[in-house]
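Undergrad: Next up is a structure, given as structure tokens.
The values are calculated or read from the model by the stated rules, or taken from the named source; none is laboratory data. Note that this is a predicted model, so its numbers are computed, not measured. Glycine also receives a Cβ, built like all others from the backbone with ideal geometry; neighbour counts cover every protein chain displayed.
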Amino acid sequence: MNKLDSILRIKNNQSVELQKIETLTYADFYSIVLELLKKEENHCVTYFAYRRKDDLQFIIAIADDKNHDIAILSHILKARKKQELNSLTQSIFALHIFEREIYENFGVNFINHPWQKPVRFPHNRADKKLQINDYPFYSIKSEELHEVGVGPIHAGIIEPGHFRFICNGENVLHLEIQLGWQHRGVEQLFLNKKHNLQRNLLAENIAGDTVIGHTTAFAQTMETLANKQISEQLHLERALALELERIAVHTGDIGALCVDAAYHLGANVFGILRTAIINFTQLWCGNRFGKSLVRMGGTHFPFTEDLKIELLQMLAKYEKQFEEMADLTYRLPSVQNRFDFVGTVTKKQAQLVGTVGLSARMSNIVKDIRVSHPNIAYLNFPYQTITLKKGDVFARFLLKKKEIRKSIAWIRNLMEHFQFDNKNTQKPDYQLNLKPNNLAISLVEAWRGEVCHCAITDENGDLSHYKVKDPSMHNWKALELSLRNVEISDFPINNKSYNLSYCGNDL
Amino acid sequence: MISFLLILVSSIFFVGIIIKVKAKIAARKMPSVFQPLFDVIRLFKKGAIYSSTTSVIFKITPLVYMASVLMATLFIPIGSQKGFLSFEGDFVFFAYLLAMGKFMMIIAAMDTGSGFEAMGANREALYSMLVEPAFFILIGSMALFTHNTSFQDLYMNLHAGTELTYIISIAAIYILIYIAMIENSRMPVDDPKTHLELTMVHEVMVLDNSGFDLGLIHIATWLKFAIYGGLISNFVIQTTWIWYYQITAFLGIQILFAIIIGLVEAFRARNKMEKNPQWIIMLSAIAVVIFLTTLIITQKIILN
Amino acid sequence: MTYLFIILYAVTLIYFALSERVKKFIWLLAIQGSILFGIVFFSLNKIEVFDFVFILIETILVKSIIVPWFLNKVRRHNHLKREHEPSIPVFYSIIVVVISLLLSFILSSQLNDNQIHTKYFTVAFASILFGVYFIIIHKNIFSHVVGYLIIENGIFLLSLAVGSVMPMMVNLAILLDVLMGVLVLGIFINQVGDTFKSVEIDQLSNLKD
Amino acid sequence: MFILFVIISITISLSIFFVRNNILTKILSAVFLLMLTGISGYAFIHINEISSHYYKFDDLGVLLAFVLSILSLATFYHSYLYLKRHNFTNKQEAGYYASIIMLITAMMSAYFAENIAVLWISIETTTLFVSILIFFERTKEALEAAWKYLFVSSVGVALAFIGILFLSITASSNGITDLSLLHLIEIASSMSSIWLKMAFLLVLTGYSAKMGLFPLHTVAIDAHTVAPPPISAFISTTLMNVGFLGIYRVFTIVAQTEVLHWAQNVLLIAGVLSVFMSAIQLLKIKHYKRMFAFSSLEHMGIVALGLGIGGIGYYAAILHLVFHSFVKAGLFYQIGQVHRYFKSYWIKDAYGYFKINPVGGLALILGFISILAIPPSGMFVSEFLTFKAMFLTKHYYIAIFILILLTLIIYSFSKNILHLLFNEADEEIEINEIKPNPYESISQFVLFGLVIYLGINPPVFFTDLIDAAIAILN
């Protein structure tokens, strides 16, 4: 127990010197991680390895929702040792994706890993012979069952991903999702690009639908590393943009779900409503998805009192129409029939695979960075999390509506109680001096769930490793689970109800 | 002959009206009523592309399908305007003509060897099979009621008078509207606008058809709508009316029918796939109620 | 006119078989109540005024307003699931209801009894059969009560078949039955809902051998 | 006259329920008991008289009313003991007494009902109050049992109502429109047999929930398991008699027609299946009260068999019914006492009773001998008569089958009762705190003694009542 108390714990958006992170033996590391992750309030936000000299340093960050801090643990696998470790996934299934990623990137074999398959086939993978076409699909030998493969390019205009269904008639027994068709190497690019503006632009393009989420996480990481203090107003502006992004994407998702349920009236109206929100973002920063809005150290587009009036007007109009349409849609028996009890993920399953964000909250798990690890914005203007119990498509559908309402209320509260002042604005600062040999971690609750950016600097104060984690990493497995014993024709609504990110996975 | 022409004419704008209604409700810009026609003309200008795995069946199917529907059209009377062809028991022939077209479509879909198309064909075959009893029980009851077995005589002798005959007419119209929706793979059974193969029924079957063939299939769909519209309108049109009243009424009912379909599609979501069979068999159940009503009217069942 | 309502009643039975939504059950019960009202209104006007008024009140007030209202209250109180899936697929239920309708119509036409009105007998018999079936296929005690009420409606129709000869006794019995059924069963559902946090029948399986 | 009794009883019940004064409750209960005995005596004097238009003091009614009166005395006494031990609030106690008075009133109303519809309403009313009493302890199991009892009984009673409607259909075609038993019997011979068959079948099925007979016996079994013991005593005896009466009344109508033979066959099937179910379940029983409940199922099966065979079977059936009421009630009272020491009705928890409370143990032994129809128990006489009737009417196979089943039942019953009585007591059960009170077993001795006495030396008025009750069948 002694060991548990002496673990290094930092807050969200805090940096720590590398040598302060104690390197444990793998046995200790293993037992402490198990100990920590058995508690319900703890979950792993990121677990990665990076080359330090020739050795591999493993770093795991475990967020504690109760104490509002993050435990950092580390161990080193020497290069001369046999590159294999006992798998943590055996006991904590939620870690499967991280271990798979490490296995893919560095060729470390995890013994007894139940599902040791490639994640994203990046350019810098350890085994270059690993080809996407040789992905080892799970299969069942049976006369009655048949396999249906969809993708990587399929009918809807979405990103590439291959879905392999094992079906019994119309019923899906098992779904396996194979991603990794994009080979972007985002994390490596962060290191290759030396100018911070380039890096900033890169962060904007990690996932097109989570621009604000990822960029905020990036900016916070860099500012933390540089010890750059930014004003409360800037924090609030970013949070505002984040909430607007949430409202926009949720509205769009509700519309998209209506499309898949063939409720075209709802689809059109929600589509129109989404436009109102993103048009406001365009008015604010010139880009509908909020690109160029968040910059490290400051912003070119400060929020003004004029914009406030504009925003409140827009929201009033939006809310009226939204409530009207939501009232119609959510009470429509045919819509309820379509979504009810489809693709249920129980709380137990969700905890097992370690879902985060919306996907966790819809099966009654309270996971929300805004509440558990708030930054200044959410400390000053607190947010209350909503959870639902059922865990089916309808729960996800409903939760989107409820979160939209909650976000609007949050924005209203902010607008009412905060005076935006031009004096407090800061211009972006790309010449930040990063502290050498430091590790910084930043968590942001984007609309899909927690985004985690973690950066490590070398002795020169340059980035030596940059780690991005998109919430989709956790949640893809939940989609696979929710398809169990569901009709194959219900796949699209399930998929849409999660609306997970392909590129967030294929970094 | 006139009835045949009327159906042909009404079929041209039928789907256009549906689209227009849906667009209007969704507050979108409405396309022209003839937009589907333009689309088909565009398709006709193109040649068809055939997959190398398909056989001759796939190639002739659109023609056979079109021909079967066209032939079925010949049997439909409108008011006192006789159908082109008519003989005792022609409604059975009519149903099997349509079934043959559908059968060809199904085996053509199988012919492509695509898993998706087989899945769609599978579903479509099931639904057609389930909808069959409803149609036969309905028309059978009508035949029992009027003691006639051809469309022509059947409708000629259909006189609504008492409240029970009204209820038969209303229920029959209800069933026919939904049979039309199912046969044409519209909502709530199928969504013609879906973009995902996994949820498609009819659309996935014609994925491989292109150009001229696709155009034929579209036209056949319009015709089928118009046929059922014709069948429905006959429940309203009285043979005693003057001919231009009859024609106006027919066109009016066709438009109304299209609008109803548009409204249904706009204002509800589609069924869960697994709920479709039960939903379709419900039509047969209602048809049985019509049958029972007919038995009461014709005093085959005597109650006091 | 009576036939019209009888046919409508038959249609409600089909919709009962089709629907899985609790709200729809309640609606259908209300509709059945109104249909019963219609039947009584158009057919029983030969009997005494007092009995006539009594039956009218019973159908319109109790069956189509109070009972659905009360059930709706119970539904909200217990946060019932929107859908109660039957243990037998709806597809087969529809076939069952159709067969029972056909059977009871044929059976009724075979009854050559001048004293009873066989037209009520038709749907009454189907309704009772279907009510029992409805109870069997549902695993939720709320739906059981709905099934019980379907049986009650069938019994009401059945008593109409002999209603012109012995009305008052039958009325009393039915009213007692409905009050008993709904109020007491409803109160007990609330109790069960409060105690077990669910009204699924699986919860009620402590008593076993 | 009878309606006066009903009105006063309802008044008493309501005043108990609303005043909630302990002393008043006891006084009013005593008044009610006096009245109950009074009305039974009155009925005996005015036998075969119509009272209050819808009621008639007929022989079977009077006989069962006497049984009810005697058991009510004992039940009130044991209810008093039961309530005293469990520290219920005044409100709960008042509710208990109010419900039990209403239940007794409803049962009396059922016994004397001359009109099938009134009988039906009375039976329906018993369901309500029995459910309230089953739910009295407010536990989950109690709720479950109460719910099941209420629901299945309601459905059963609804089925019985359909049966009555069918009866009225065929009655009305013969010009009878009031469902009076007398009138129905008069015209029975001209009733249509198909309607009668349907009516009998539905009534039998419907009331089987009340009588605790196959097929709807399960709810009664569950109810026994959780109801307070004095209430179990009622459910198992007088309430089953009510169910029996409901079936019997229709049976008397059927008996006037050629449907009789068919109806008897139905009863035979129900009876055999009841005994069979009971024997099967008793083999794996784990709960004393359930054991007694299944024993009730067995005895009701034998009663049904008696009716189904006819001849002396009729006499045997009614005799059996009366004896069973006394014995089973006594056993339930005693098991209520047993519960006091072990705080459990589970067989695994309770054993070594004889050592703890020898007087109570003696009562149990006596009850055990009586219920298994071992001489000198009166039930031996009635069972013997039933089997005699079977052999006389050449129902050899049924008789042998039932005898085999009875052997099984005796085996499992003795095994468990002997376990309860004589197994070595656990050291841990500290019994000194509760002093055994031998007086609590007096009522049981009286009941068992009564059965022995009535079996060996039945008084003339007793046999006359039974003879008169079945006179209509022969």
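Undergrad: Could you list, in sequence order, the residues of the stretch A:101-152 that are part of a helix (DSSP H, G or I) and among the β-branched types (Val, Ile, Thr)?
TA: A:102, A:132
Undergrad: Starting from the stretch A:113-140, take each residue that is in contact (Cβ under 8 Å) with a residue 60 or more places away in the chain and list its partners that are buried (at least 17 other Cβ atoms within 10 Å of the Cβ) and acidic (Asp, Glu), counting only C-beta distances under 6 angstrom and pairs at least six apart or across chains.
TA: Matching pairs, first to second residue: A:118/A:104; A:119/A:101; A:119/A:104; A:120/A:506.
Undergrad: Just the residues that are in contact (Cβ under 8 Å) with a residue 60 or more places away in the chain and of a type in the set (Phe, Trp, Tyr), please, taken from the stretch B:14-49.
TA: The answer is B:14, B:44.
Undergrad: Scan the stretch D:1-59 for residues that are hydroxyl-bearing (Ser, Thr, Tyr) and exposed (fewer than 14 other Cβ atoms within 10 Å of the Cβ) and jot them down.
TA: D:11
Undergrad: Would you mind listing the helices (runs of 4 or more DSSP H) fully within the stretch D:342-445 where at least 2 residues are closer than 23 Å to residue D:276 by Cβ?
TA: Those helices (runs of 4 or more DSSP H) span D:358-371, D:378-392, D:396-422.
Undergrad: Let me ask something additional. Among the listed residues A:443, A:432, A:507, A:500, identify the single one that is touching a helix residue (DSSP H, G or I) at 6+ places or on another chain (Cβ under 9 Å), over 30 Å from residue A:318 (Cβ atoms), in contact (Cβ under 8 Å) with a residue 24 or more places away in the chain and crowded, with 23+ Cβ neighbours inside 10 Å.
TA: Residue meeting the stated conditions: A:507.
Undergrad: Check A:48, A:58 and return the single one that is outside any helix (DSSP H, G or I) and over 25 Å from residue A:350 (Cβ atoms).
TA: Testing whether each residue is outside any helix (DSSP H, G or I) and over 25 Å from residue A:350 (Cβ atoms) leaves just A:58.
Undergrad: Report yes if some residue within the stretch A:369-383 is basic (Lys, Arg), away from every other protein chain (no Cβ under 14 Å) and either surrounded by fewer than 20 Cβ atoms within 10 Å (Cβ to Cβ) or over 27 Å from residue A:232 (Cβ atoms) (or both); otherwise report no.
TA: No, the stretch A:369-383 has no match at all.
Undergrad: In the list B:291, B:250, which residue meets the criterion of being touching a residue at least 60 places away in the same chain (Cβ under 8 Å), touching a strand residue (DSSP E or B) at 6+ places or on another chain (Cβ under 6 Å), farther than 26 Å from residue B:102 by Cα and assigned to a helix (DSSP H, G or I)?
TA: Only one candidate passes the filter, namely B:250.
Undergrad: Return only the number of the condition from (1) at pLDDT below 85; (2) farther than 26 Å from residue B:8 by Cα that residue B:85 does not satisfy.
TA: Status for residue B:85: all satisfied but (2).
Undergrad: Being without any contact (Cβ under 8 Å) to a residue 24 or more places away in the chain and either surrounded by fewer than 21 Cβ atoms within 10 Å (Cβ to Cβ) or under 21 Å from residue C:147 (Cβ atoms) (or both) is true for just one of C:37, C:25, C:52. Which residue is that?
TA: C:52 is the lone residue from the list that is without any contact (Cβ under 8 Å) to a residue 24 or more places away in the chain and either surrounded by fewer than 21 Cβ atoms within 10 Å (Cβ to Cβ) or under 21 Å from residue C:147 (Cβ atoms) (or both).
Undergrad: Report, ordered by the first and then the second residue, all pairs with beta carbons closer than 7 Å, sequence separation of six or more or different chains, a first member in the stretch B:105-119 that is of a type in the set (A, V, I, L, M, F, W, C), and a second member that is modelled with pLDDT under 85 and not in a helix (DSSP H, G or I).
TA: Hits for this filter: B:105/B:205; B:109/B:205; B:116/B:204; B:116/B:207; B:119/B:204.
Undergrad: Right, something else. Could you figure out which of (1) away from chain B (no Cβ under 14 Å); (2) more than 24 Å from residue A:391 (Cα to Cα); (3) without any contact (Cβ under 8 Å) to a residue 60 or more places away in the chain isn't true of residue A:292?
TA: All conditions are met except number (3).
Undergrad: OK, next. Report, ordered by the first and then the second residue, all pairs with beta carbons closer than 9 Å, sequence separation of six or more or different chains, a first member in the stretch D:59-72 that is within 14 Å of residue D:236 (Cα to Cα), and a second member that is surrounded by fewer than 23 Cβ atoms within 10 Å (Cβ to Cβ) and polar (S, T, N, Q).
TA: Note: pairs meeting the criteria are D:72/D:37.
Undergrad: Please state which one of A:197, A:145 is in contact with a strand residue (DSSP E or B) (Cβ under 9 Å, 6 or more places away or on another chain) and in contact (Cβ under 8 Å) with a residue 60 or more places away in the chain.
TA: A:197
Undergrad: A further question on this structure: Of everything in the stretch D:145-173, what is of a type in the set (S, T, N, Q) and either touching a residue at least 60 places away in the same chain (Cβ under 8 Å) or more than 9 Å from chain C (Cβ to nearest Cβ) (or both)? Give them in sequence order.
TA: D:153
Undergrad: Could you check residue D:111 against (1) out of contact with any Phe, Trp or Tyr (no Cβ under 6 Å at 6 or more places or on another chain); (2) within 9 Å of chain C (Cβ to nearest Cβ) and say which number it fails?
TA: Of the numbered conditions (1) out of contact with any Phe, Trp or Tyr (no Cβ under 6 Å at 6 or more places or on another chain); (2) within 9 Å of chain C (Cβ to nearest Cβ), the odd one out for residue D:111 is (2).
Undergrad: Only one residue in C:99, C:116, C:106 is farther than 30 Å from residue D:144 by Cα, facing chain D (nearest Cβ under 10 Å) and over 15 Å from the mean Cα position of the chain (by Cα). Which one?
TA: Exactly one residue qualifies, and that residue is C:116.
Undergrad: Hey, another quick one. Could you pull out the residue among C:25, C:41, C:37 that is under 28 Å from residue B:171 (Cα atoms), touching a Lys or Arg at 6+ places or on another chain (Cβ under 8 Å) and more than 11 Å from chain B (Cβ to nearest Cβ)?
TA: Going through C:25, C:41, C:37 in turn, just one is under 28 Å from residue B:171 (Cα atoms), touching a Lys or Arg at 6+ places or on another chain (Cβ under 8 Å) and more than 11 Å from chain B (Cβ to nearest Cβ): C:37.
Here is a yes/no grid of residues against (1) within 14 Å of chain B (Cβ to nearest Cβ); (2) touching a strand residue (DSSP E or B) at 6+ places or on another chain (Cβ under 6 Å); (3) surrounded by fewer than 24 Cβ atoms within 10 Å (Cβ to Cβ); (4) farther than 30 Å from residue A:395 by Cβ:
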| residue | (1), (2), (3), (4) |
| --- | --- |
| A:416 | no, no, yes, yes |
| A:425 | no, no, yes, yes |
| A:439 | no, yes, no, yes |
| A:460 | no, no, yes, yes |
| A:471 | no, yes, no, no |
| A:493 | yes, no, no, no |
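Undergrad: Find the residue count for the stretch A:291-324, including only residues that are assigned to a strand (DSSP E or B) and within 18 Å of residue A:421 (Cα to Cα).
TA: Number satisfying all stated conditions: 1.
Undergrad: Among the residues that make up the stretch A:202-214, is at least one of them at pLDDT below 85 and surrounded by fewer than 22 Cβ atoms within 10 Å (Cβ to Cβ)?
TA: The answer is no; no qualifying residue exists.
Undergrad: Report yes if some residue within the stretch D:171-183 is in a helix (DSSP H, G or I) and among the β-branched types (Val, Ile, Thr); otherwise report no.
TA: Within the stretch D:171-183, none of the residues are in a helix (DSSP H, G or I) and among the β-branched types (Val, Ile, Thr).
The rows are residues; the columns are (1) surrounded by fewer than 24 Cβ atoms within 10 Å (Cβ to Cβ); (2) in contact (Cβ under 8 Å) with a residue 12 or more places away in the chain; (3) more than 24 Å from residue D:153 (Cα to Cα).
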| position | (1), (2), (3) |
| --- | --- |
| D:259 | yes, yes, yes |
| D:266 | yes, yes, no |
| D:304 | no, yes, no |
| D:312 | yes, yes, yes |
| D:340 | yes, yes, yes |
| D:345 | yes, yes, yes |
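Undergrad: Can you confirm whether the stretch A:167-183 contains a residue that is in a loop (DSSP other than H, G, I, E, B), farther than 22 Å from residue A:466 by Cβ and at pLDDT below 85?
TA: Scanning the stretch A:167-183 turns up at least one residue that is in a loop (DSSP other than H, G, I, E, B), farther than 22 Å from residue A:466 by Cβ and at pLDDT below 85.
Undergrad: Which of the residues belonging to the stretch D:285-324 are β-branched (Val, Ile, Thr), assigned to a helix (DSSP H, G or I) and over 15 Å from the mean Cα position of the chain (by Cα)?
TA: D:309, D:312
Undergrad: Also, I was wondering about something else. Going by the conditions given, is residue A:474 part of a helix (DSSP H, G or I) and under 24 Å from residue A:375 (Cβ atoms)?
TA: Judged against the criteria, residue A:474 is a match.
Undergrad: Still on this model: Please go through the stretch A:318-341 and pick out each residue that is modelled with pLDDT under 90 and basic (Lys, Arg).
TA: Answer for the stretch A:318-341, where residues must be modelled with pLDDT under 90 and basic (Lys, Arg): A:331, A:338.
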